[in-house]
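In what follows, a structure is listed as C-alpha cells, so that the remarks can point back to it.
Nothing in this text is a laboratory measurement; each read-out follows from the coordinates by a stated rule. Every value quoted in this text rests on a predicted model; they were computed, and no experiment measured them. Note: ideal-geometry Cβ built from the backbone for every residue, glycine included; neighbour counts use all protein chains shown.
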Protein chains: 2
Amino acid sequence: MSIGIGIIGTGTVGSGVLEILTTRTESLSRAAGTPLKVARVAARFEHELAPWKALGIPVTTEVATLLDDPEVHIVVELAGGYDLPRAWVTQALERGKSVVTANKAMLAKHGGELFPLAAKNGAELRFEAAVGGAIPIIRALREAFIASDVNSLACIINGTSNYILTRMFQDGMGFEQALKEAQAAGYAEADPTFDVEGIDAAHKVALMATLCGGRRVDFEKMRVEGISQITAADVAGAKELGCVIRLLGLVEVHPTGVDARVHPCLVPQAHPLAGVNGAMNAVFLDGSTTGPSMLYGKGAGKMPTASAVVADIVDVAGILHRKSPVHDLSWFGGEEAPLFPTSDVEGPYYLRLQVGDKPGVLARIAKVLGDSGISVSRLIQHEAIPGAEGVTMVVDTHVVREGALLEAIARIDALPETVAPTVVLRFYEKGVGA
Amino acid sequence: MSIGIGIIGTGTVGSGVLEILTTRTESLSRAAGTPLKVARVAARFEHELAPWKALGIPVTTEVATLLDDPEVHIVVELAGGYDLPRAWVTQALERGKSVVTANKAMLAKHGGELFPLAAKNGAELRFEAAVGGAIPIIRALREAFIASDVNSLACIINGTSNYILTRMFQDGMGFEQALKEAQAAGYAEADPTFDVEGIDAAHKVALMATLCGGRRVDFEKMRVEGISQITAADVAGAKELGCVIRLLGLVEVHPTGVDARVHPCLVPQAHPLAGVNGAMNAVFLDGSTTGPSMLYGKGAGKMPTASAVVADIVDVAGILHRKSPVHDLSWFGGEEAPLFPTSDVEGPYYLRLQVGDKPGVLARIAKVLGDSGISVSRLIQHEAIPGAEGVTMVVDTHVVREGALLEAIARIDALPETVAPTVVLRFYEKGVGA
C-alpha cells in the first residue's frame, strides 16, 4: 500500500518538504517500508501551486479538498498561524488522518485539545520541526532518553535573538544596531517582537517542558522576558566576568511543579551553550542516567526545518503501513502542571544599576542588599561618563532566592538616587566543566 | 504479551541496565506498549548474580541456558570481547531472538556477518550504546537525519584521549603525565593502547562511516593514528594558532569512496568540537539538508551507556509486541565501501620539525617544500633550548594534497639536518562559524 501525503502550504518550509519528497522518493520509501507519494498540495493561490502541478502532483486552492481526498493519509500542516491550522488539523484528525506540523504556536496553544483528539481517532500528531528545526529534540525526549528523567534543560531556541546577542558580543554594538543588522541579513522580521521578546522561544519551551514533566505547561503562564533591554554595557560586563549573554529557555522539573521560563542569562564561556553562536540553536539537557548532553544545529531555515518534517512523515508512514498502534499523547489534555514559583528559584545573579553620582549612594544600596540578606560577590562602580545620567554599578551576587532579590531590586529602583530600572540577569552555570 | 529480556554480563554496564530495568519497569513498559520483564541474567560467577537472584530474577552461569530460555525474547550482550559474544549473538539470532549490544569491537569486526543473519531470522540487532554512549547518534543517522545525505562527519568519540588532550591544553603537561593523571582518575586503563592509539575510536568511526555511506567500511583498512606522539610543544603551538588538538574520527563520503580515518587534528577554538572537554564525546555532522549539527554527551560510563541500551530494548520490545517488520541492515554484509585514498585529501596542515641548529637548514627545508608545491602560510623557528637536540620549527601550510605533503615530509625526514621524525597534524576547519 502506498502512503499518500497532503501538504498544506507551499511557503519556505512547504517547498523544502516538497523538494525533498520529490527528489528522495526512493530512499525515503525504503526507510518507511512502503512507497510514499505526494497525493495533493494545497496553497492559497494558483501561482504558488504551478511548479508542483507541473510535476503532475494534484493541487488545490481549497484545503477542504485536500482534507476530503481519500488518497491523503498524512496531512502536513505548514501554513502557520493559530486558528485556521487548528481547524484543519482538527478536521484531519477527526477523519483519522495523521498530522505532521511545524506549528509551535498552534500546539503550545491548542495541544491540550489536539493531542487527545489524535489519540481518540487513532492518528499520529507529530511536531519535531516545531522545536529546534533540524535538531531531533522531540525524538530525543520521547525515545532516546526514555531511560532517563530529564529534570533539567536549558536551550537556545530562537535564532534571531541569538544572532543579535552574538553580534553584540563580537562587535560591541548595541541592541538596536544589532537588530538592524539581523534584519538586513534576513535573520529578523520587520516586526521582531515575537522573536526578541521571547514569545517564539516560550512556545517551544512549553512543549519541551510538557514532555520533560509529563504534564502540560501553559506558555501563557511562564515567566518570559526578551533581550531588548540588554545594552552593550551588559554584554561588556558579562565579558569581564568570562561570560556571554544568551536568551535561554529553562526547564526544571521539581516534585511540586515545573519551572519553565525564558529570559536572558549570563553563561560562562566554558559552558557548551556559550559556544552556540549566530542563528544556531542548541538544547542542553541533564538526564538522571544520561548525564549532561547537548543537541546543536540549525533551528530554522527552509531545508533544516523541512528535514525534520520529512523524518516525521517517514516515521508516520511506517506506522500506518504496519498498522502499528499510534503514540498516545492524550495526557497532554489532562491536568496542567503547576508552575514552580519563580520566587523560590535560587542562584547567583548579575545586576546593573544606574544611580546618581553622589557620595553615599553605594552605602544605601549596600544597606538594601544587606537588609534583604543578599550577599554580594563582586561590585564594580564605573566612572561617570560625561553627559550620561548617573553612573553604572555592576553587582554579582552569591546564591540568593529570586523572590528576595526581586524585592530588594524593587526597593533599590524606588530610591531617589536610582535613575533607571535595574537590569537583573541570572547566571546559568549548570553543566560547566562537564 | 510480556517481553522477556535476557542480560549477558553483570559488569558496569550490565548492572546499570538491570538497575534501570528493575526501577523504571512501569514507565518503560508504557513506552514499549507492552510489559517488560527481566527473564534471565547470565554471568560467569554466582557471586556476580547474587544481587539479581535476591530480587527474584532467574539467573545462570551458563549463557546457553539463557539463550535456550523460551522466555527470553531480547538478548542483551554486554560481556565485551570479540569471539564469545560473536558466538552468543549468532546463536541468539539463529533462534530468531533480537539482540541489543554495546559491543563496538564485535560489530566493527563481524557486523558484515551478523546484520544479514539478523535480517534473515527476522530479528533486530541494535547497537546505539556501542557508539558514543548516551549520545543518540545511531538513531540520528538512521531516523532523524533520514531526509539528509550525511556526507561529512567529525567526532570526538574516545573519552580517554580527549581527557588527556584537555589536561595537556589546560595545564601544559606532557602526554605521559596527563596519561598518568587519567589513569589515576579512572579515565584510562592500565594498558591504554586501545584508547590512546585510536583503535577504540576506529571501531566506532567504521560503524558510523558505514551508516553514512550505505556500504560497510572495514576499520582495519582505515588510517588510524593515536595521540601518544603529541607533545606539550604541539599543544602550545596549537594554542598560539587559536586551536586545540583533538583526536578526531573523520568521515567524508565521496562519489568514488569513503574517507574514514582517526588521527589528531588542530581544531580552531571557535569550532563547536573545540569546546568538548574532558571525557565528553561529540559527533559533528553536516547533512545535505540539515546543515551542521552536533550531538554532545557522555560517551562512556555505567548509566549513560546503560541508558542507550535500555532505549534500544524499549524500541525492540515495541517492535516485537506489534509484530512490526524489523529494520533490515543486511546490506552491511554486501559489497564493502572502497576507501577514498587518503593521499587525495586536501587541506591545510601543521608540521613540527626537529632540526639541527645550523645555518642553511631553513633554506633546505623551504626548498623541499617548494619543490613539492607546498605553500607555507606561516613558519616559526623556536630558539634553541640549551641541552635539547636541535631546534623546533613549526610550519603551517596552505591547502595541500596530503599525498604531496607526506612525500615532502619523507624527504625532510631523510635530510641529515633532521633530528626527529616530523609531526604532521591536519587542521579541521569545517563548520567553524556555522
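In terms of other Cβ atoms within 10 Å, A:His110, B:His203, B:His382, A:His47 run from fewest to most in the order A:His47, B:His382, A:His110, B:His203. Mean sequence separation of contacting Cα pairs (under 8 Å, at least six apart), scaled by the length of chain A, corresponds to a relative contact order of 17 percent. Kirkwood-type hydrodynamic radius, the protein assembly as shown: 29.1 Å, calculated from all non-identical alpha-carbon pairs. In summary, the aspartates and glutamates within cross-link reach of B:Lys302, defined as a Cα separation below 18 angstrom excluding same-chain residues under 8 places away, comprise A:Asp149, A:Asp286, B:Glu19, B:Glu48, B:Glu77, B:Glu128, B:Glu189, B:Asp195, B:Asp200, B:Asp312. Mean projected area of the convex hull spanned by the Cα atoms of region B:17-83, taken over all viewing directions: 5.1 nm². With contacts taken as Cα pairs under 8 Å at a separation of at least 6 residues, region A:137-298 carries a relative contact order of 34 percent.
Rounded to the nearest whole Hz, the Karplus-based 3J(HN,Hα) values (6.51 cos²θ - 1.76 cosθ + 1.60, θ = phi - 60°) of region A:217-231 follow the sequence 9, 8, 5, 6, 9, 6, 6, 10, 9, x, 10, 5, 8, 6, 10, with x at glycine and proline. Our helix-only sum for the protein assembly as shown, with -39,500 (n - 2.57) per DSSP H run of n ≥ 4 divided by its residues, gives a mean residue ellipticity at 222 nm of -11500 deg cm²/dmol. Can you give me the distance in nm between label points at A:Asp328 and B:Val399, each placed 7 Å from the Cα along the Cα-to-Cβ direction? Between A:Asp328 and B:Val399, the simple spin-label model gives 5.6 nm. Between A:Val205, A:Val395, A:Val217, the Gaussian network model of chain A with springs among Cα atoms under 10 angstrom shows the greatest mean-square fluctuation at A:Val395. Selection among A:Val63, B:Ala154, A:Val423 by position relative to the dipole of the protein assembly as shown gives A:Val63 as farthest towards the positive end (Cβ unit charges, Cα centre). In terms of surrounding Cβ atoms within a 10 Å radius of their Cβ, A:Ser15, A:Ser148 rank from fewest to most as A:Ser15, A:Ser148. Relative to the longest principal axis of the Cα atoms of chain B, helix B:361-371 runs at roughly 60 degrees. Counting from the shortest, the label point at A:Glu383, 7 Å from Cα toward Cβ, is 3.7 nm from the same position in each remaining copy.
Shape analysis of region B:309-408 places it in the prolate category; the axes a ≥ b ≥ c from the Cα gyration tensor give an a/c of at least 1.5, with a/b above b/c.
By the count of neighbouring beta-carbon atoms within 10 Å, fewest first, B:Ser98, B:Ser228 end up ordered B:Ser228, B:Ser98. Available extension along the chain between B:Asn121 and B:Thr193 is 22.2 nm, counting 0.36 nm per residue and deducting the alpha carbon span. Residues in region B:147-157 carry Karplus couplings, in order, of 8, 10, 8, 8, 9, 8, 8, 9, 9, 10, 10 Hz; the curve used is 6.51 cos²θ - 1.76 cosθ + 1.60 with θ = phi - 60°, and Gly or Pro positions show x.
The dipole here belongs to region A:350-434: it is taken about the Cα centre, uses +1 on the Cβ of Lys and Arg and -1 on the Cβ of Asp and Glu, and is about 200 debye. Once the Cβ-Cβ distance of A:Ala420 and A:Ala270 is raised to the sixth power relative to R0 = 25 Å, the FRET efficiency obtained is 0.20.
Approximating the spin labels as points 7 Å out from Cα along Cα→Cβ, the A:Ala54-to-B:Glu389 distance works out to 7.0 nm.
At most 16 other Cβ atoms within 10 Å plus a DSSP loop assignment makes a site exposed; report the longest stretch of chain B without any exposed chymotrypsin sites (Phe, Trp or Tyr not before Pro). Excluding the exposed sites themselves, the longest stretch runs over B:83-434.
For A:Lys367, a cut-off of 26 angstrom between C-alpha atoms picks up these lysines, skipping any fewer than 8 places away in its own chain: A:Lys358. Working from Cα pairs under 8 Å separated by at least six residues, relative contact order for region B:343-427 is 49 percent. For chain A, the longest principal axis of the C-alpha atoms and the axis of helix A:12-23 are separated by about 40°. Treating r as the C-beta distance of A:Glu225 and B:Ser228 and R0 as 56 Å, the FRET efficiency rounds to 0.65. For region B:231-250 versus region A:207-267, the spacing of their alpha-carbon centroids is 35 Å. Cross-link check: pairs B:Lys53/B:Lys97; A:Lys97/B:Lys104; B:Lys239/B:Lys298; A:Lys180/A:Lys430; B:Lys180/B:Lys298; B:Lys97/B:Lys204 evaluated at a Cα-Cα cut-off of 31 Å; pairs beyond the cut-off: A:Lys97/B:Lys104; A:Lys180/A:Lys430.
Comparing mean-square fluctuations of B:Asp191, B:Asp315, B:Asp69 from a GNM of chain B with C-alpha springs under 10 Å, the top value falls on B:Asp191. Comment: the Cα-to-Cβ extended label point of B:Gly370, at 7 Å, lies 7.3 nm from its counterparts in the other copies, nearest first. Which of rounded, prolate, oblate describes region B:137-298, given a ≥ b ≥ c as roots of the alpha-carbon gyration tensor eigenvalues and a/c under 1.5 marking rounded, otherwise prolate only if a/b is larger than b/c? Prolate.
Rounded to the nearest 0.05, what FRET efficiency do B:Arg95 and A:Ala363 have when you use their Cβ-Cβ distance and R0 = 56 Å? Rounded to the nearest 0.05, the efficiency is 0.10. Under a 5 Å amide H cut-off, with hydrogens placed 1.01 Å from N, A:Gly278 pairs with A:Thr166 among residues at least 5 apart or on other chains. Axis angle, to the nearest 10 degrees, between helix A:302-322 and the longest C-alpha principal axis of chain A: 50 degrees. Sorted from nearest, the other copies put their A:Lys323 label points 0.9 nm away, the label point being 7 Å from Cα in the direction of Cβ. Which one, A:Tyr187, A:Leu28, A:Gly291, projects farthest toward the positive side of the charge dipole computed for chain A from Cβ point charges (K/R +1, D/E -1)? After comparing all options, I get A:Leu28.
If you wrap a convex hull around the Cα atoms of chain B, how much volume per residue is inside, in Å³? Looking at chain B, the number lands at 147 Å³ per residue.
The label-point distance for B:Asp83 and B:Glu62, in a model that sets each label 7 Å from Cα toward Cβ, rounds to 2.2 nm. Shown in residue order for region A:175-182 are the 3J(HN,Hα) couplings computed by the Karplus curve 6.51 cos²θ - 1.76 cosθ + 1.60 at θ = phi - 60°: 4, 4, 5, 5, 4, 4, 4, 4 Hz (x for Gly and Pro).
Dipole magnitude for chain A: about 820 debye, using +1 per Lys or Arg Cβ and -1 per Asp or Glu Cβ, origin at the Cα centre. Closest approach of a chain B beta carbon to the axis mapping chain B onto chain A (residue, whole Å): B:Gly275, 2.
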